[in-house]
Amino acid sequence: MTLSANIESMSITSQLFKFRPLDLYAIDCLVRRRLFLAPWIKLNDANEAQMFIRGKGVNYHMNPSRIQETFPGLMSFDATTVQICSLSREWWSNLLWSHYADGHKGIAIGIALPVDLVGIEQLIVKYDDELPALDAPVERIGVLEALRHKSSEWEYERETRLVSFEAGHSFIEGIEIIDVIAGLRSSRDDLALLKQLLPETVRLWRICRKPGSYMLNAEDI
């Protein structure tokens, strides 16, 4: 069976997707049913969480340690504890496969989140080119507002973010894995490994090309 990216009613489009190389983090997610939360300073956008501070007339961005050392009164809490997991609401973007799934050699993990996400804020990212304007000292709600915004150049990600302010909260446990999609360049060995790792309840797909188009489909394997 082949799924079309145009058919929004198909079940494969109703999940959140984590794009990964087929590495230890991906295998940990598949086997232990959990998502890794990364410190916000490690995110790939150099302008991540940038904000305009009223009164000071300057921009600050995602390096909370430097902010707290240079301007100790700017944050009302220990911002170094903020950790994030980034997910996408779509699986058929060539850019997502190229940028986050090892150039189509990795996977997209289709997940359903636990109903009760204790200590986790869930954000739908907005894409625009205006920084959130905040007053000092910046509260948690201000950091969430900064994390909710990204430059319009990133709109293809269609990102949903999971954010924790709790120190040491490195994983979201108890996720449900519904689908796993392998990239166009997945090797036979990687596909064989996925078949061994995944229970029968998880559907395994592989990206395929839509004839006469740059768009992507997925076929079950």
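The values are calculated or read from the model by the stated rules, or taken from the named source; none is laboratory data. Treat the numbers as computed from the prediction; the structure is a model and nothing was measured. Reconstructed Cβ throughout: ideal geometry from the backbone, glycine too, with neighbour counts over all protein chains shown.
Miscellaneous remarks
- Filtered residues of the stretch 165-201 (kept if touching a residue at least 60 places away in the same chain (Cβ under 8 Å) and of a type in the set (Val, Ile, Thr)): 172, 175, 177, 178, 180, 181
- Only one entry of 153, 159 meets the criterion of being modelled with pLDDT of 95 or more, surrounded by fewer than 18 Cβ atoms within 10 Å (Cβ to Cβ), touching a strand residue (DSSP E or B) at 6+ places or on another chain (Cβ under 9 Å) and closer than 17 Å to residue 43 by Cα, and that entry is 153.
- Strands (runs of 3 or more DSSP E) (entirely within the stretch 23-81) containing at least 1 residues that are modelled with pLDDT under 80, over 29 Å from residue 110 (Cβ atoms) and over 16 Å from the mean Cα position of the chain (by Cα): 58-60
- Residue 138 being farther than 23 Å from residue 109 by Cα and among the β-branched types (Val, Ile, Thr): yes
- Counted residues, the stretch 132-181 - those being outside any loop (DSSP other than H, G, I, E, B) and within 13 Å of residue 119 (Cβ to Cβ): 7
- With respect to being touching a strand residue (DSSP E or B) at 6+ places or on another chain (Cβ under 6 Å) and under 23 Å from residue 208 (Cβ atoms), residue 136 falls outside the description.
- All conditions in (1) closer than 30 Å to residue 194 by Cα; (2) more than 15 Å from the chain's Cα centre (by Cα); (3) in a strand (DSSP E or B) hold for residue 103, with the sole exception of (3).
- Residues that are of a type in the set (Gly, Ala, Ser) and within 30 Å of residue 134 (Cβ to Cβ) were ranked within the stretch 20-50; the one that is surrounded by the most Cβ atoms within 10 Å (Cβ to Cβ) is 49.
- Among residues of the stretch 105-148, those that are without any contact (Cβ under 8 Å) to a residue 40 or more places away in the chain, surrounded by 14 or more Cβ atoms within 10 Å (Cβ to Cβ) and over 28 Å from residue 181 (Cα atoms), counted: 1
- Residues of the stretch 82-98 satisfying the condition of being in contact (Cβ under 8 Å) with a residue 60 or more places away in the chain and in a helix (DSSP H, G or I): 94, 95, 96, 97
- Going through (1) under 30 Å from residue 79 (Cβ atoms); (2) modelled with pLDDT of 95 or more; (3) not acidic (Asp, Glu); (4) not in a strand (DSSP E or B) one by one, residue 186 falls short only on (1).
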